[in-house]
Amino acid sequence: MSNTDANTSTGYNFAYLDEQTKRMIRRAILKAVAIPGYQVPFASREMPLPYGWGTGGIQVTASIIGPDDTLKVIDQGADDTTNAVSIRRFFERTAGTATTERTTEASLIQTRHRIPETPLREHQIIVYQVPIPEPLRWVEPREAETRKMHALAEYGAMYVRLYEDIAQFGHITTTYDYPVMVDGRYLMRPSPIPKFDNPKMDMNPALQLFGAGREKRIYAVPPYTSVESLDFADHPFTIERWEQSCEICGSRDSFLDEVITDDRGTRVFVCSDTDHCRQRGAAKAAE
Amino acid sequence: MSELSLNDVGYDAEEPPLLQVSRLCKRFGPQIVCADVSFALWPGEVLGVVGESGSGKTTLLNCVSTRLEPDSGRIEFRLRDGRIAQLSEMSEPARRMLMRTDWGFVHQNPRDGLRLGLSAGANIGERLMEVGSRHYGEIRGAAADWLAKVEIEIDRIDDPPRVFSGGMQQRLQIARNLVSRPRIVLMDEPTGGLDVSVQARLLDLLRGLCTELGLAALVVTHDLGVARLLAHRLMVMQGGAIVEAGLTDQVLDDPQHPYTQLLVASMLQ
């Protein structure tokens, strides 16, 4: 493909990765979509950013992005943080695709640790950056054994962790990267999104892809697939609630970040999803 | 071994055995560790295996529990529905399921059989969660019940086993195995490494539990005292083969094989 835009870098293939690599990653993605929640190994490439900055997500995005796509990148819900800005600029330069900060306008969203508050719709794709894909890793360190546990659907050990939480603290203390069961079959790490976002994954009309670059795994949740958070019958799954509302837009139902504003302990709560906050602010101003 | 048959041991074989091991062989390279071992175990029966160190007791136990694959021989287990399953022919999921429901394995060193990073309650509840229990209150209730049964104070339920004494760890390991109501328990030197008074208490407890739950148990030990207290029947192993088998008192009071005679004679009085 030729780079037509004057702003795009020359000397690179469209979207940085070579076509052969993209095909390899697409094959992994197809397999992942065919087996929801199953971790497909893939030959992860070196990317021009360090591990932990989203090398997995960026490879998935690079393999599926087209010239007509509109890309949105968020980091902890915000469009203007270092990670989000860098990755967005990376695709502006290497693919020349349009970018946006508005969830509704994006056809492709790469995210680190949040799902946008605005509900996703069909034909949108959301790509998660995953640090550790294996949900059983802290329960069972041996890779051969965790694979066997997945193959035989032996997930009791995961409940042991939840049991320990309740025994020690009276409630399940896992608040992010909360393990989920996909399509009633595979246990999956939803990447470090807050558990607040877990219910959004269930029966979501968008395609959800997960890329772990260092661990070399890709997995997926196809549209309209059931995603259940693990819990006990007498300790059901709950999401975070805040007594405060967003300082900027007044939202009471979005995920709030606590921001300390001075050294005397003054703090405010603001929406973690900056686009959501802005849209609400604009709607309010228009009234 | 060849002239000994299962009926020689004087056990009523009207009821089919729970576990039937026939002609089990295991070698490590040229070293023969188990030579043509056959025995049967009936429900509610405790079978002791004694012999000097290196006689193949533990290897036999590991083969029976499918931790090791025997070179030849059959291990048949009577399932709850009465069917006889040959362990080596079962599918892996079915075998793993069986091992965590109907079977228990008590290691010599409790640290091998426990999850030291988890609390005592979680150690006991793990098997329940593995077979699908998803109710916290019920799991905790069962854990508390079993702690009481193995005489551990209830307020230790959230303590990790690494702060327990050796005897408590061993009792916790037993509770962890018995919570799923297994029908057979394999024990490798269950009292090894415990001091004599703790040993006596543990033996007492084990004997009570076996009777109460109608457990079949295969107990490997080098301690004839333990064998006499715990086992109904006894097998004496030497060099990988069973040299003598019979009722415990019979074997210990009237040993026939020269090796058994030596073993009994060397016991401290």
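The values are calculated or read from the model by the stated rules, or taken from the named source; none is laboratory data. Please read all numbers here as calculations on a predicted model, not as lab measurements. Positions of Cβ are generated from backbone atoms using ideal geometry, with glycine treated the same way; all protein chains shown enter the neighbour counts.
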### Message
Could you tell me how many of the residues in region B:54-79 are surrounded by fewer than 17 Cβ atoms within 10 Å (Cβ to Cβ) and in contact with a strand residue (DSSP E or B) (Cβ under 6 Å, 6 or more places away or on another chain)?
### Response
4
### Message
When you check residue B:206 against the structure, is it part of a loop (DSSP other than H, G, I, E, B) and among the aliphatic types (A, V, I, L, M), yes or no?
### Response
no
### Query
Is region A:174-196 home to any residue that is in contact with a strand residue (DSSP E or B) (Cβ under 8 Å, 6 or more places away or on another chain) and assigned to a helix (DSSP H, G or I)?
yes
### Identity of the residue in region A:56-84, modelled with pLDDT under 95 and in a helix (DSSP H, G or I), that ends up farthest from residue A:43 (Cα to Cα)
A:82
### Message
With the requirement that a residue be within 22 Å of residue A:27 (Cβ to Cβ) and in contact with a Pro (Cβ under 7 Å, 6 or more places away or on another chain), what does region A:187-209 give you?
### Response
A:188, A:206, A:207
### Message
Cβ-Cβ distance below 6 Å, separation of 6 or more or different chains: which pairs start in region A:222-237 with a residue that is at the interface with chain B (Cβ under 10 Å from one of its Cβ atoms) and on the phi < 0 side of the Ramachandran plot and end on one that is of a type in the set (Phe, Trp, Tyr) and in a loop (DSSP other than H, G, I, E, B)?
### Response
A:231/A:237
### Summary
Only one of (1) at the interface with chain A (Cβ under 8 Å from one of its Cβ atoms); (2) in contact with a strand residue (DSSP E or B) (Cβ under 9 Å, 6 or more places away or on another chain) does not apply to residue B:130, and that is (2)
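Which of the residues that make up region A:85-102 are assigned to a loop (DSSP other than H, G, I, E, B) and either over 23 Å from residue A:254 (Cβ atoms) or touching a Gly at 6+ places or on another chain (Cβ under 9 Å) (or both)? Can you show your working first?
Initial filter on region A:85-102 (assigned to a loop (DSSP other than H, G, I, E, B)): A:95-97, A:100-102.
Within region A:85-102, A:95, A:96, A:97 qualify.
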## Note on the structure
When region A:168-202 is checked residue by residue, the ones that are among the aliphatic types (A, V, I, L, M) and either under 19 Å from residue A:38 (Cβ atoms) or at pLDDT below 95 (or both) are A:172, A:180, A:181, A:182, A:187, A:188, A:201
#### Entry: Condition check for residue A:121: farther than 18 Å from residue A:26 by Cβ and at pLDDT below 95
no
### Query
Quick check: anything in region B:113-125 in contact with a His (Cβ under 8 Å, 6 or more places away or on another chain), away from chain A (no Cβ under 13 Å), surrounded by 17 or more Cβ atoms within 10 Å (Cβ to Cβ) and under 23 Å from residue B:220 (Cα atoms)?
yes
### Task
Looking at (1) surrounded by 15 or more Cβ atoms within 10 Å (Cβ to Cβ); (2) more than 8 Å from chain A (Cβ to nearest Cβ); (3) over 22 Å from the mean Cα position of the chain (by Cα); (4) in a helix (DSSP H, G or I), find the lone condition where residue B:100 falls short.
(3)
### Query
Only one of these conditions is not met by residue B:139: (1) of a type in the set (Val, Ile, Thr); (2) within 11 Å of another protein chain (Cβ to nearest Cβ); (3) assigned to a loop (DSSP other than H, G, I, E, B). Which number is it?
(3)
